[in-house]
Amino acid sequence: MMTEDRLFIFDTTLRDGEQVPGCQLNTVEKIEVAKALEELGVDVIEAGFPVSSPGDFNSVIEISKAVTWPTICALTRAVEKDIEVAAESLKFAKNKRIHTGIGTSDFHIKHKFNSTREEIIERAVRAVKYARRFVEDVEFYAEDAGRTDNEFLARVIEAVIAAGATVVNIPDTTGYCLPQAYGEKIRFLKENVSNIDRAIISTHCHNDLGMATANTMSGVVNGARQVEVTINGIGERAGNTALEEVVMILKSHNLGIDTNINTRKIAGVSRMVSSLMNMPVQANKAIVGRNAFAHSSGIHQDGVLKNTNTYEIIDPKEVGIDDSSIVLTARSGRAALKHRLEALGVKLQEEGLNKVYEKFLNLADKKKDITDDDVLLLAGADRTLDHHIKLDYLQVTSGVGVRSVASIGLNISGEKFEAAASGNGPVDAAIRALKKIIEREMTLKEFTIQAINKGSDDMGKVHMQVEHAGQMYYGFGANTDIVAASVEAYIDCINKF
Ligand code: KIV
Ligand code: ZN
């Protein structure tokens, strides 16, 4: 029997993933995600970049306390202060790693550091040695390795391994590489770095050209044994490699490489991250998209009904999608709702559950089929309870050939305010009324309305970006009334100012 090689899963949802503008999580939410990642079976959780903000520092501390067996990793630049702060933030972690590094491409050396190749090697070595004073497990990243000359990269990697690096990360920071070239880079290091057997090679790919997963797999096939990934592939710009894609590729193809991931938890964690970060998953996203297992054409449906293998390469149950799920209706009880929420990765205490249940009954009165997305939105809406500005009521009249008029009531920290305004359409009228109460300089920059499923009784999801004092704020609202959802999203932005 062939022995399986172990691939380590390094999840950076809470660091690289969390850099998405408008998707920042608070510490409590980060702990929730970290615990879900632990249950999922990831080996390493990159919990933050501690020197970047007190919030990040605190999150690494709290995640270290909350999580038991995965290694907790903190990011730094090749700077002593960063490394000291990272070591301090990791003091409660049972297994800890410092992730330090520096740019190695000529672009970075010249334009970012105004330095030379020799000096970069010295700084890299110094950082790794310094980090080793605090922890035994030190990962080194060669930023922009994707565009770094292979010969020079090999020299850097050999030097940092000699200095004590246990893992060497080869990021394609700009998402530029072709899969073959990225794989060859990993192979080149395996064959040309004399001490490479003393470290694990890690991939870290970005999706700017849609090749993150292909590049990661090419790295793995050529000898990398750690992959840096995020749930749903979230991350800056076009995102990072998606955890679920790499894991399911390895499960579907017999490459003799295995991970510790419990794939049945994938759908739950995916939804949890999407809902906490207000970051919708595209419907046709591989593995976790709403349509990933939906067969709509007659020929496919016929084939799947005869034998699922005709058109399905993965059983949806293997990634935690249970198609025999209980149908929720206005007659469903709290237990059914709780069961559904837990299957979707949301755990609520009794008080929280009661509140969501009340909203659920309201919605079920208006809408026949309550879907998983509806349920998640109801649970998500609960997070607005601690907002200091809340929508009390909204009344809008609109139609063809008339100007829309809106009156609005807000509750601001317990005090009631009312205003009315007319506008170009119902949303315009409602926002003008709102602006009469909240007289701040603010401009609506992005505004998308999306139906969740189908049917005129469906919930509408609204994503908005509002600019205030030179900063962009992201807001989200969901309601069967799209004007109300829009106002909720606007208020969500304002609550973040
Ligand atoms: O993309 C990148 O190069 C990174 C490093 C900081 C690891 O995220
Ligand atoms: Zn990155």
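Overview of values
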| read-out | value |
| --- | --- |
| Residue among E158, E118 that is surrounded by fewer than 17 Cβ atoms within 10 Å (Cβ to Cβ) and among the acidic types (D, E) | E118 |
| Residue list for the stretch 188-215, filter: away from ligand 2 (no atom under 12 Å from the Cβ), crowded, with 21+ Cβ neighbours inside 10 Å and not aliphatic (A, V, I, L, M) | T213, N215 |
| Residues (more than 16 Å from ligand 2 (Cβ to nearest atom) and of a type in the set (S, T, N, Q)) located in the stretch 136-169 | N150, T166 |
| Filtered residues of the stretch 192-204 (kept if touching an Asp or Glu at 6+ places or on another chain (Cβ under 7 Å) and either free of Cβ contacts under 8 Å to residues at least 24 places away in the same chain or closer than 22 Å to G256 by Cα (or both)) | S202, T203, H204 |
| Count of residues meeting criterion [touching a helix residue (DSSP H, G or I) at 6+ places or on another chain (Cβ under 6 Å), away from ligand 1 (no atom under 15 Å from the Cβ) and within 21 Å of F188 (Cβ to Cβ)] in the stretch 222-253 | 2 |
| Selected residue (criterion: nearest to ligand 2 (Cβ to nearest atom)) from residues of the stretch 4-31 that are in contact (Cβ under 8 Å) with a residue 60 or more places away in the chain and over 13 Å from the mean Cα position of the chain (by Cα) | F10 |
| V346 being among the β-branched types (V, I, T), part of a helix (DSSP H, G or I) and either modelled with pLDDT of 75 or more or outside the structural domain of L37 (by TED's automatic domain parsing) (or both) | no |
| Close pairs from the stretch 219-241: first without any contact (Cβ under 8 Å) to a residue 60 or more places away in the chain and in the same structural domain as K185 (by TED's automatic domain parsing), partner among the small types (G, A, S) and within 13 Å of ligand 1 (Cβ to nearest atom), Cβ under 6 Å, at least 6 apart | G233/G239; T241/A212 |
| Selection count where residues are within 24 Å of the chain's Cα centre (by Cα) and of a type in the set (S, T, N, Q), scope the stretch 171-188 | 2 |
| Search result, residues across the stretch 451-472 that are at pLDDT 80 or above and either of a type in the set (D, E, K, R) or touching a helix residue (DSSP H, G or I) at 6+ places or on another chain (Cβ under 6 Å) (or both) | V462, M464, V466, E467 |
| Qualifying residue in the stretch 224-232 (condition: within 18 Å of V44 (Cβ to Cβ), surrounded by fewer than 22 Cβ atoms within 10 Å (Cβ to Cβ) and away from ligand 2 (no atom under 16 Å from the Cβ)) | yes |
| Condition met for E46 (among the acidic types (D, E) and away from ligand 1 (no atom under 15 Å from the Cβ)) | no |
| Inter-residue pairs, beta-carbon under 7 Å, first acidic (D, E) and in the stretch 68-86, second modelled with pLDDT of 95 or more, 6+ apart | E80/Y130; D82/V51; D82/T76 |
| Verdict on N495 being surrounded by 19 or more Cβ atoms within 10 Å (Cβ to Cβ) and either not assigned by TED's automatic domain parsing to the domain that holds S407 or not acidic (D, E) (or both) | no |
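Yes/no matrix, rows are residues, columns are (1) surrounded by fewer than 24 Cβ atoms within 10 Å (Cβ to Cβ); (2) in contact with a Cys (Cβ under 6 Å, 6 or more places away or on another chain); (3) within 27 Å of R225 (Cβ to Cβ):
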| site | (1), (2), (3) |
| --- | --- |
| K35 | yes, no, yes |
| E39 | yes, no, yes |
| V42 | no, no, yes |
| A47 | no, no, yes |
| S52 | yes, no, no |
| N58 | yes, no, no |
| I61 | yes, no, no |
| V67 | yes, no, yes |
| R77 | yes, no, yes |
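The values are calculated or read from the model by the stated rules, or taken from the named source; none is laboratory data. Just so you know, these numbers come straight off a predicted model, no measurement behind them. All Cβ positions, glycine included, derive from the backbone under ideal geometry; neighbour counts span all protein chains shown.
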